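> Please find one structure pasted underneath; my questions will follow.
The values are calculated or read from the model by the stated rules, or taken from the named source; none is laboratory data. In this text, all values refer to a predicted model and were calculated from it rather than measured experimentally. Glycine gets a Cβ as well: all are built from the backbone with ideal geometry, and neighbour counts include every protein chain shown. Heavy atoms of the whole protein, side chains included, go into the accessibility calculation; ligands, DNA and RNA do not. Shrake-Rupley method; radii C 1.70, N 1.55, O 1.52, S 1.80 Å.
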Amino acid sequence: MERLKQKLHPSNTQRNTPQFDLSYSKWRNQKLLRCAKVGDYEDEEEQPPLLQTSNHNLTGTVWTAVAHIITAVIGSGVLSLAWSMAQVGWIAGPLSVLIFGFFTLVSAYFICDIHLYFNPKTGNTTMNQSYLQAVHTILGYKHGVACGCLLYFSIFKTGVVYTITSATSMRAILQSNCYHKQGHDAACEFEDRHYMLMFGMVQILASQIPNIFHTKWLSIIAAIMSFTYSFIGMGLGLAQVIAKGKIEGSIYGISTTKPTQKVWLVAQAIGDIAFAFNFALILLEIQSTLKSPPSQKVTMKRASAIAIVTSTFFYLFCGGFGYAAFGDSTPGNLLTGFGFYEPYWLVDFGNACIVLHLVGGYQVYCQTMFVIVERWYAEKYPDSEFGKDTRSVKVSLLPEFKLNPLRLCFRTAYVVLTMAVGMLFPYFNEVLAFAGSIIFWPVTIYFPVQMHFVQKKVVPWSGKWILLGVYTIFCLLVTIFSLVGSIEGLIAKRFG
């Protein structure tokens, strides 16, 4: 114990991070059977990283971190931003994207700072390997329980959203070919549920990948795919604007017959934008994969800045070109709502890229949930054969991995459950808005700000304390507004 503390905190200050011995193979060998349990952090500094279940040295760089973040951030939600801009208009639309991008960057910097936390009461330095552990360690048990509930919900709703979106994209490929052959007025309708089942079958196989260290190649492929379909959406929008010779849209956004309808649509649009920037929950897991020097904090801040600036650029251009092309007729999704019919092969390719990206994005998020449950089981039943690796499996080009009954049963059931909820509420924009609004404030704003107060010992009623307090309250009001609008939209779609 003392040797480990000396490695983590050699001189009672967290500034000596380059001297830390952070070999995960040594860490794993020392604590092979010790598992993280929500609400039980007696020796936080001894806990292995959340997504670590095998021996690995730290090999992550700023670019692998950027790949992980872009995989998580630039989802298919980028293609809904044209619809969001159409609801709020040319001024509020781009401004909202910039504001949410700034909020996300501020939170990312706060979270990077808490990877290492020095507790003045105990004199120990805790290495927070996950967002949940950081909240529990710094803010206490009650905040940890609340964060745990939000964490599970956030990961699960992301799986549901990705299932809905992938099915919509697969259906759009068939529709695109149908419209090309039979004309744009043909009745080319296909059922979403079959494609949700297909996506689920792929995820059942992919979910057997043990942890995030084995998904680096998947994240890189997914990041490439996200850039590809984003460029396709931007290019098609720009081509449409050039062909028309004018820019569609207005300062105030689309007009509606009822003022209340406009209010609800604006609220949903804000929720869509908030969802597009949500990656705070996985930031510390990504930071834990980085090698040093330079320090993990410095590398992660640089990666976060690169990824968020890049994401904001894509969001502005993809949303702006889409709105400029279609104005009040902007579809909910540029590639699946059939704002574009030709060239049909390019629309097909863009939708295929979305599906490939979501396969990787689903795993980047859900690996967190998988490992939390499997760790809990390993601690609860340390002698159970049900949770132990039984045999090695090698599938095609995939890396070899070990299979165990718990992983097979739980992860399969989890994927099936996300499919079931997706089939029950297959509404793209409304689900995006609900998912973004319910998570954004507590995860991206409140917890990071409160942890920053504790970490930096911010004095109450100081200038910084007041400024961040106003910032937190403003974001809360925006989130409540968006949440109410998204709930109204879901109810109207499901039962209206």
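> How many of the residues making up the range 438-454 are at pLDDT 90 or above and either in contact with a Phe, Trp or Tyr (Cβ under 9 Å, 6 or more places away or on another chain) or of a type in the set (K, R) (or both)?
Adding up the residues that qualify gives 8.
> Which residue is farthest from V160 (Cα to Cα), if the candidates are limited to the range 368-392 and must be in contact with a helix residue (DSSP H, G or I) (Cβ under 8 Å, 6 or more places away or on another chain), in a helix (DSSP H, G or I) and at pLDDT 80 or above?
The selected residue is A378.
> Let me ask something additional. Does at least one position in the range 468-478 carry a residue that is out of contact with any strand residue (DSSP E or B) (no Cβ under 9 Å at 6 or more places or on another chain) and at pLDDT below 90? Steps first, answer last, please.
Just the residues of the range 468-478 that are out of contact with any strand residue (DSSP E or B) (no Cβ under 9 Å at 6 or more places or on another chain), to begin with: 468-478.
Cutting the leftovers down to at pLDDT below 90 gives us 478.
Yes: the range 468-478 contains one or more residues that are out of contact with any strand residue (DSSP E or B) (no Cβ under 9 Å at 6 or more places or on another chain) and at pLDDT below 90.
> Going through the range 234-266 one residue at a time, which ones are assigned to a helix (DSSP H, G or I), farther than 18 Å from Y341 by Cβ and not hydroxyl-bearing (S, T, Y)?
Restricting attention to the range 234-266, the residues satisfying the condition of being assigned to a helix (DSSP H, G or I) are 234-244, 259-266.
Retained after the next criterion (residues that are farther than 18 Å from Y341 by Cβ): 259-266.
Matches in the range 234-266: P259, Q261, K262, V263, W264, L265, V266.
> Further question on the same structure: Restricting attention to the range 154-168, does a residue exist that is closer than 30 Å to K457 by Cα and either of a type in the set (V, I, T) or in contact (Cβ under 8 Å) with a residue 12 or more places away in the chain (or both)? If you could, list the steps in order and put the result at the bottom.
Of all residues in the range 154-168, those closer than 30 Å to K457 by Cα come to 154.
Cutting the leftovers down to either of a type in the set (V, I, T) or in contact (Cβ under 8 Å) with a residue 12 or more places away in the chain (or both) gives us 154.
Yes, because at least one residue in the range 154-168 is closer than 30 Å to K457 by Cα and either of a type in the set (V, I, T) or in contact (Cβ under 8 Å) with a residue 12 or more places away in the chain (or both).
> Also, quick follow-up: If we scan the range 281-299, do we find a residue that is in a loop (DSSP other than H, G, I, E, B) and either surrounded by 22 or more Cβ atoms within 10 Å (Cβ to Cβ) or under 18 Å from the mean Cα position of the chain (by Cα) (or both)?
Yes: the range 281-299 contains one or more residues that are in a loop (DSSP other than H, G, I, E, B) and either surrounded by 22 or more Cβ atoms within 10 Å (Cβ to Cβ) or under 18 Å from the mean Cα position of the chain (by Cα) (or both).
> Sticking with this one: Of the residues D43, D113, only one is surrounded by fewer than 24 Cβ atoms within 10 Å (Cβ to Cβ), at pLDDT below 85, farther than 30 Å from V266 by Cα and among the charged types (D, E, K, R); which? Reasoning before the result, please.
Details: D113 fails: at pLDDT below 85.
Going through D43, D113 in turn, the sole match is D43.
> Residue pairs, Cβ under 6 Å, 6 or more apart or interchain, first in the range 380-408 and within 18 Å of Q367 (Cβ to Cβ) and charged (D, E, K, R), second open to solvent by 90 Å² or more (accessible area, probe 1.4 Å) and modelled with pLDDT under 70. List them.
That search, which allows pairs on different chains as well, returns D389/K402; E400/K394.
> Starting from the range 263-285, take each residue that is more than 18 Å from F103 (Cα to Cα) and list its partners that are of a type in the set (A, V, I, L, M) and part of a helix (DSSP H, G or I), counting only C-beta distances under 6 angstrom and pairs at least six apart or across chains.
V266/V88; Q268/A433
> If a residue must be open to solvent by 10 Å² or more (accessible area, probe 1.4 Å), touching a residue at least 24 places away in the same chain (Cβ under 8 Å) and among the hydrophobic types (A, V, I, L, M, F, W, C), how many such residues does the range 310-319 contain? Give the steps one after another, and end with the answer.
Our first condition is that a residue be open to solvent by 10 Å² or more (accessible area, probe 1.4 Å); within the range 310-319, this holds for 310, 312-313, 316-317.
With the extra rule that they be touching a residue at least 24 places away in the same chain (Cβ under 8 Å), the set shrinks to 310, 312, 316-317.
Right, trim to among the hydrophobic types (A, V, I, L, M, F, W, C) and you get 316-317.
Total satisfying the criteria: 2.
> Kindly establish whether G327 is closer than 27 Å to M196 by Cα, open to solvent by less than 50 Å² (accessible area, probe 1.4 Å) and either outside any loop (DSSP other than H, G, I, E, B) or modelled with pLDDT under 85 (or both).
Numbers: closer than 27 Å to M196 by Cα: no; open to solvent by less than 50 Å² (accessible area, probe 1.4 Å): yes; either outside any loop (DSSP other than H, G, I, E, B) or modelled with pLDDT under 85 (or both): yes.
Here the answer is no, as G327 does not meet what is asked.
> With the structure loaded, tell me whether N119 is touching a strand residue (DSSP E or B) at 6+ places or on another chain (Cβ under 9 Å), at pLDDT below 90, open to solvent by less than 10 Å² (accessible area, probe 1.4 Å) and not aliphatic (A, V, I, L, M) or whether it fails that test. Break it down stepwise before answering.
Values: touching a strand residue (DSSP E or B) at 6+ places or on another chain (Cβ under 9 Å): yes; at pLDDT below 90: yes; open to solvent by less than 10 Å² (accessible area, probe 1.4 Å): no; not aliphatic (A, V, I, L, M): yes.
Criteria not met by N119.
> Just checking, does the range 241-253 include any residue being under 20 Å from V355 (Cα atoms), under 31 Å from the mean Cα position of the chain (by Cα), surrounded by fewer than 18 Cβ atoms within 10 Å (Cβ to Cβ) and in contact (Cβ under 8 Å) with a residue 40 or more places away in the chain?
Just the residues of the range 241-253 that are under 20 Å from V355 (Cα atoms), to begin with: none.
Scanning the range 241-253 turns up no residue that is under 20 Å from V355 (Cα atoms), under 31 Å from the mean Cα position of the chain (by Cα), surrounded by fewer than 18 Cβ atoms within 10 Å (Cβ to Cβ) and in contact (Cβ under 8 Å) with a residue 40 or more places away in the chain.
> Follow-up question, since we're still on this one. Could you tell me whether the range 185-198 includes any residue that is surrounded by fewer than 16 Cβ atoms within 10 Å (Cβ to Cβ), under 19 Å from N333 (Cα atoms), modelled with pLDDT of 85 or more and out of contact with any helix residue (DSSP H, G or I) (no Cβ under 7 Å at 6 or more places or on another chain)?
no
> Got a sec? Which of L150, L174, L132 is closer than 23 Å to S230 by Cβ and either assigned to a helix (DSSP H, G or I) or open to solvent by less than 50 Å² (accessible area, probe 1.4 Å) (or both)? Give the steps one after another, and end with the answer.
Working: L150 fails: closer than 23 Å to S230 by Cβ; L132 fails: closer than 23 Å to S230 by Cβ.
When all the criteria are applied, what remains is L174.
> Among the residues of the range 146-157, is any touching an Asp or Glu at 6+ places or on another chain (Cβ under 6 Å) and of a type in the set (S, T, N, Q)? Spell out the reasoning first.
Quick first cut of the range 146-157, residues touching an Asp or Glu at 6+ places or on another chain (Cβ under 6 Å) only: none.
No, there is no match, as no residue in the range 146-157 is touching an Asp or Glu at 6+ places or on another chain (Cβ under 6 Å) and of a type in the set (S, T, N, Q).
> Based on what the data block shows, is I221 under 25 Å from K157 (Cβ atoms), touching a residue at least 40 places away in the same chain (Cβ under 8 Å) and not hydroxyl-bearing (S, T, Y)? Steps first, answer last, please.
Numbers: under 25 Å from K157 (Cβ atoms): yes; touching a residue at least 40 places away in the same chain (Cβ under 8 Å): yes; not hydroxyl-bearing (S, T, Y): yes.
Yes: the conditions hold for I221.
> Report, by residue number, each residue of the range 170-199 that is in contact (Cβ under 8 Å) with a residue 60 or more places away in the chain and either of a type in the set (K, R) or within 14 Å of E342 (Cα to Cα) (or both).
Keep residues of the range 170-199 that are in contact (Cβ under 8 Å) with a residue 60 or more places away in the chain, which gives 170-173, 175-177, 179-180, 184, 192-193, 196-197, 199.
Hits for the range 170-199 are R171, A172, I173, Q175, S176, N177, Y179, H180, H184, R193.
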